[in-house]
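**Student:** The following block contains the structure, expressed as structure tokens.
The values are calculated or read from the model by the stated rules, or taken from the named source; none is laboratory data. Given the structure is predicted, the values throughout are model-derived calculations rather than measurements. Note that each Cβ is placed from the backbone with ideal geometry, even for glycine, and that neighbours are counted across all protein chains shown.
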Amino acid sequence: MKFIRVLLFSVFCTIIAYGQVQIKEPGKKNPSAFAIIVDKTTYDKCTAAIDAYKNAVEEDGLSTYIVINNWKNPDEIKAEIVKLTKKNPPIEGVVLVGDIPIPMIRNAQHMTTAFKIDQSRGSMFKNSAPSDRFYDALDLRFKFIKQDSVHKLSFYYNLLPESPQKIIKTIYSGRIKPPVEDETKYEVITNYLNRVVLAKKEQRAIDNAFVFTGHGYNSEALTAWGDETLALREQFPDLYKPGNRLKKLNHTMDNEMKNILLTELQDPKLDIAIFHAHGAEDLQYINNYPEYRNPQGNIEQVKLYLRSKLRTAQRRKKSVDTTIAMYVKDLDVPKSWFEGTFSDSLVAADSLLDYSLDIHIEDVRKIAPQPALMVFDECFNGSVHQDDYIAGEYVFGKGKTIAGVANTTNALQDQWIDELVGLLNYGVRIGQWHKFNSLLESHLFGDPTYHFANTGGLNLTEFIREKKNDEGFWRDLLKNESPVARSLATCMLFNKLGADFEKDLVNIYKTDNSFNVRMHALKYLASLQTPAFHEILKESISDPYEFIRRISAGWMGLVGKQEYIPYLAERLVTDESERVSFNAKSALSFIDPEESYNECIKYVNTHPGFGDKDKKEKFFHNQILRSKNSLKEEIDSLNSPTLSLKGKINEMRYFRNYTYISAIPEIIKFAEDSKTAPELRVTAIEALGWYSFSYKKDMIKEACEKIEKDNSAPQAVKDEALRTFNRLKDGENNPITH
């Protein structure tokens, strides 16, 4: 009886209740801490598995809390997280287990890479960004709007104008929520956590990985694909030792790439899988239609194309006969090629072909994925607010996957998805690595405390925690032979020194032979946006690394200086990467279409060997010079007395994506004009926020200050002026994705 009383007392002392919140205290004292946030029902249903997971995390070096409640809203959870960051030691991360409220963020699209949807159209569920930055970037400030009436876990928040307008994570976070809505979800969570407990007992080194690129990604530039493998070699040198492997897969390699990938994913030796492709909530776009090297095969491809267009026309209630006549005339094809379009057999055959091209969520349910970490550089794969999301099926399914990184919204292609991924070679926890990711939509699913074996030698986990403010230590690490260590040192020194590190960043870019280290130096110079950054772009636009050239071309267009035109013209005409050429073309259009057109013609005429110069001139005219007319048409529409307010708002939104330097004064005119409808003024001010790289951004900041201080301006207009001012003051949330 005495033993039982002591045991009960011990259990009571480890669980502290604050109101309805129950906190199970850590059982071990470690240098750092972690928290498991779980809803009460999930804890009650999965108690043994969650407790075992807690113990495994503590054995792995993190004092661990379990925080249990019938959570009513995200604010309750955030309040508990804030308290735990003030403990000694403070928590370094959290995992959200079960039915944890999902913050749906509004007025923060500048913190995403590509989510630029009109918030005034459609449902809030579709035009808000699901994001756990609410829980891990604790200095961001939000205003609660409401809970969704159908999707009960979704809670809508506005990012406040006075909030910081860029993401700096306080902690890291992960989410354990399987794509299951019935009672079986508790069994799935239990099985997953038991798998994690077993995985933590292993010392799994990274010795096998693959990186895949799907159709339509990065303009299908083979130079982009090839250079990424060189950058990955810097971060994972052991993968190039005998017995290890980094497979570089491209959709063009085989018409059966879907089946190849599904087979590769079930290889027990596979540690990491990286996907670069287009995606949706429930699928990954893998292959395009098969390519043939014989006339009959190509004819069948044209017939398939024509049948798809005809079915689309019928679905949109357009005339089938008229559509056939149009294609017969425009493509000079026989009418017989449309035969059988609506027959059951051909409809079924074409549907089966379409299905065979891509990986669907049903395909994943049939396999047992093996990589411990999967990275989904794809749109919507991490849409945790939906009933089904394919990243969750991979992570919480039947295999051995521990964690996945995926996007809750659509995402930009020109991302640096491999940034600092080499830290994982040094035993750095997946959550610690993902903490460096500052995007609203990028999320970690699964256990964020998991780490691979340290095969790099350096204890970077301890360095990050214990040496954070030791400038001398990080400067010494800048001399290390490992590009991963030098990249981390560059990051830590910039975070500590800011603008005082500018000269070092310039020197690092000019002298370091690592693709990754140079990219880090440029990224932080871009964050500073000083004259040194503007000047170094003239060198980085010709860097050996395709990704640096690609991003530099984009930056030049955003900065908007006329002196960049010759550099961009050369890239457009001569660069071997389609993606670099594409970014150079866009940049030239933004800076000055007419001058850019003339410079491109001049370059071709003064450099022999470009073949058909008339063809080049036509290309420059269609791709660059016509943007001058497009800009004029947009401005004329905005000034039109007959265009509706709704129409003008739609026209103004054009400048969120097309940041023409010469448009700035016109947009400011609409923003400042008290006679302009408040809705249009708000849209104009918001559009100006996308000019954060512009060398004319001080003009925009002055206009915003003027509007914000105008007592006669509507509050919505003043709020947007404050938000845009803070966006320009804080700088880009992520300079790479701008």
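Every residue, every condition in (1) surrounded by 17 or more Cβ atoms within 10 Å (Cβ to Cβ); (2) of a type in the set (Phe, Trp, Tyr); (3) in contact with a His (Cβ under 9 Å, 6 or more places away or on another chain); (4) in a helix (DSSP H, G or I), yes or no:
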| position | (1), (2), (3), (4) |
| --- | --- |
| Pro242 | no, no, no, no |
| Asn288 | no, no, yes, no |
| Val302 | no, no, no, yes |
| Arg307 | yes, no, no, yes |
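**Student:** Give all pairs with beta carbons closer than 6 Å in which a residue from the stretch 298-314 that is in contact (Cβ under 8 Å) with a residue 24 or more places away in the chain and under 10 Å from Thr341 (Cβ atoms) meets a residue that is polar (S, T, N, Q) and part of a helix (DSSP H, G or I); count only pairs at least 6 apart in sequence or on separate chains.
**Tutor:** Leu310/Thr323
**Student:** Condition (residue is more than 24 Å from Gly216 (Cα to Cα), assigned to a helix (DSSP H, G or I) and out of contact with any helix residue (DSSP H, G or I) (no Cβ under 6 Å at 6 or more places or on another chain)) applied to the stretch 540-551: is it met by at least one residue?
**Tutor:** For the stretch 540-551, residues more than 24 Å from Gly216 (Cα to Cα), assigned to a helix (DSSP H, G or I) and out of contact with any helix residue (DSSP H, G or I) (no Cβ under 6 Å at 6 or more places or on another chain): absent.
**Student:** For the stretch 668-702, which positions are assigned to a loop (DSSP other than H, G, I, E, B), of a type in the set (D, E, K, R) and in contact with a helix residue (DSSP H, G or I) (Cβ under 9 Å, 6 or more places away or on another chain)?
**Tutor:** Answer for the stretch 668-702, where residues must be assigned to a loop (DSSP other than H, G, I, E, B), of a type in the set (D, E, K, R) and in contact with a helix residue (DSSP H, G or I) (Cβ under 9 Å, 6 or more places away or on another chain): Asp673, Lys696.
**Student:** Determine, yes or no, whether Pro608 is of a type outside the set (D, E, K, R), under 33 Å from the mean Cα position of the chain (by Cα) and under 30 Å from Asp543 (Cα atoms).
**Tutor:** It is false that Pro608 is of a type outside the set (D, E, K, R), under 33 Å from the mean Cα position of the chain (by Cα) and under 30 Å from Asp543 (Cα atoms).
**Student:** Let me spell it out: the conditions are (1) among the charged types (D, E, K, R); (2) modelled with pLDDT of 95 or more; (3) assigned to a helix (DSSP H, G or I), and Asp710 meets all of them except one. Which number is the exception?
**Tutor:** Among (1) among the charged types (D, E, K, R); (2) modelled with pLDDT of 95 or more; (3) assigned to a helix (DSSP H, G or I), the lone unmet condition for Asp710 is (3).
**Student:** Do we have Pro608 as out of contact with any Leu (no Cβ under 8 Å at 6 or more places or on another chain) and closer than 24 Å to Ala713 by Cβ here?
**Tutor:** no
**Student:** Would you be able to say whether some residue in the stretch 504-521 is in a loop (DSSP other than H, G, I, E, B) and farther than 26 Å from Arg233 by Cα?
**Tutor:** no
Residue-wise test of (1) assigned to a helix (DSSP H, G or I); (2) small (Gly, Ala, Ser).
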{"site": "Asn437", "(1), (2)": "no, no"}
{"site": "Gly457", "(1), (2)": "no, yes"}
{"site": "Arg465", "(1), (2)": "yes, no"}
{"site": "Lys468", "(1), (2)": "no, no"}
{"site": "Leu488", "(1), (2)": "yes, no"}
{"site": "Phe494", "(1), (2)": "yes, no"}
{"site": "Leu497", "(1), (2)": "yes, no"}
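**Student:** May I pose another question? Modelled with pLDDT of 95 or more, within 30 Å of the chain's Cα centre (by Cα) and either surrounded by fewer than 22 Cβ atoms within 10 Å (Cβ to Cβ) or among the charged types (D, E, K, R) (or both), is that true of Glu58?
**Tutor:** Spelling it out, it is not the case that Glu58 is modelled with pLDDT of 95 or more, within 30 Å of the chain's Cα centre (by Cα) and either surrounded by fewer than 22 Cβ atoms within 10 Å (Cβ to Cβ) or among the charged types (D, E, K, R) (or both).
**Student:** Then there's this: Give me a count of the residues in the stretch 509-526 that are farther than 23 Å from Arg579 by Cα and surrounded by 15 or more Cβ atoms within 10 Å (Cβ to Cβ).
**Tutor:** Adding up the residues that qualify gives 1.
**Student:** If you don't mind, another one. Quick one: would you say Lys329 is surrounded by fewer than 14 Cβ atoms within 10 Å (Cβ to Cβ) and in contact with a helix residue (DSSP H, G or I) (Cβ under 6 Å, 6 or more places away or on another chain)?
**Tutor:** Judged against the criteria, Lys329 is not a match.
**Student:** Can you name the residue in the stretch 171-203 that is surrounded by fewer than 20 Cβ atoms within 10 Å (Cβ to Cβ) and closer than 22 Å to Asn73 by Cβ and, of all such residues, is modelled with the highest pLDDT?
**Tutor:** Applying the filter and picking the extreme gives Lys185.
**Student:** Filter the stretch 215-234 down to the residues that are within 26 Å of Pro268 (Cα to Cα), more than 20 Å from the chain's Cα centre (by Cα) and polar (S, T, N, Q) and list them by number.
**Tutor:** Correct list: empty.
**Student:** Which residue, of Asn469, Asn480, is without any contact (Cβ under 8 Å) to a residue 24 or more places away in the chain, over 25 Å from Val95 (Cα atoms) and touching a helix residue (DSSP H, G or I) at 6+ places or on another chain (Cβ under 8 Å)?
**Tutor:** One residue alone meets the criteria, Asn480.
**Student:** Now a separate question. Can you tell me which residues in the stretch 115-152 are buried (at least 19 other Cβ atoms within 10 Å of the Cβ) and part of a loop (DSSP other than H, G, I, E, B)?
**Tutor:** Correct list: Phe115, Ser128, Ser131, Asp132, Ala137, Leu140.
**Student:** Could I ask something else about it? Tally the residues that are surrounded by 15 or more Cβ atoms within 10 Å (Cβ to Cβ) and in a helix (DSSP H, G or I), restricting the search to the stretch 631-667.
**Tutor:** Here the count works out to 20.
**Student:** In the stretch 56-94, what residues are out of contact with any helix residue (DSSP H, G or I) (no Cβ under 8 Å at 6 or more places or on another chain) and part of a strand (DSSP E or B)?
**Tutor:** Leu62, Ser63
**Student:** Additional query: Exactly one of (1) more than 20 Å from His443 (Cβ to Cβ); (2) surrounded by fewer than 19 Cβ atoms within 10 Å (Cβ to Cβ) is unmet by Thr213. Its number?
**Tutor:** It fails just one condition, (2).
**Student:** Moving on to the next point. So, Tyr53, is that one crowded, with 20+ Cβ neighbours inside 10 Å, in a helix (DSSP H, G or I), out of contact with any strand residue (DSSP E or B) (no Cβ under 6 Å at 6 or more places or on another chain) and not acidic (Asp, Glu) or not?
**Tutor:** Against the criterion (crowded, with 20+ Cβ neighbours inside 10 Å, in a helix (DSSP H, G or I), out of contact with any strand residue (DSSP E or B) (no Cβ under 6 Å at 6 or more places or on another chain) and not acidic (Asp, Glu)), Tyr53 qualifies.
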